[in-house]
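To start, the structure under review is shown below, and the notes come after it.
Nothing in this text is a laboratory measurement; each read-out follows from the coordinates by a stated rule. Since this is a predicted model, take the numbers as computed values, not measurements. Cβ sites come from the backbone with ideal geometry, for glycine too, and all protein chains shown count toward neighbours.
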């Protein structure tokens, strides 16, 4: 299983911070709660923001982080999906959604990462995760090519390649 090898957590781009027009009062306590792994408080704070401003993608994204921290994969996925529906270019939500999907629905994770890479073709973490998923699901050549591209862009990713995964000669 590659789920433990995928790079987890926040993706690359996409806003998760409040703007001047949002109910930022809930963001400070929500961020503080997330940083201290107090996920229930974070969930409560970001739920309040999302309820007050249902078109605010960052509230849904951060709610997804809190739900993931609580171990609520379905609720986290729903929050990330809502964030993406509000802001179709929020790649951080796509990245985290794909991480959750990789466990229960790898084909959905592959589709999500491919979509992310259309928006940000140079996201090395997404390339890496997609490469691992493709390799694990029989698309070895395509997976190896993406892994090679990711490692060329971010050499530190080489340390995360699982044993037995073949890389292209160009990155050896």
Contour minus Cα-Cα span, residue 170 to residue 140, at 0.36 nm per residue, comes to 9.2 nm
Here the residues of segment 46-65 lying in the modelled label zone of residue 78, meaning backbone nitrogen under 15 Å from a point 7 Å along Cα-to-Cβ, are 47-48, 50-51, 60-61, 63-65
Length gained, residue 158-residue 111, 0.36 nm per residue minus C-alpha separation, equals 14.6 nm
In units of 2.2 N^0.38 Å, the Cα radius of gyration of segment 24-171 is 1.14
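Please report the relative contact order for segment 38-96, taking Cα pairs under 8 Å with a sequence separation of at least 6, and give it as a percent rounded to a whole number.
Relative contact order comes out at 30 percent.
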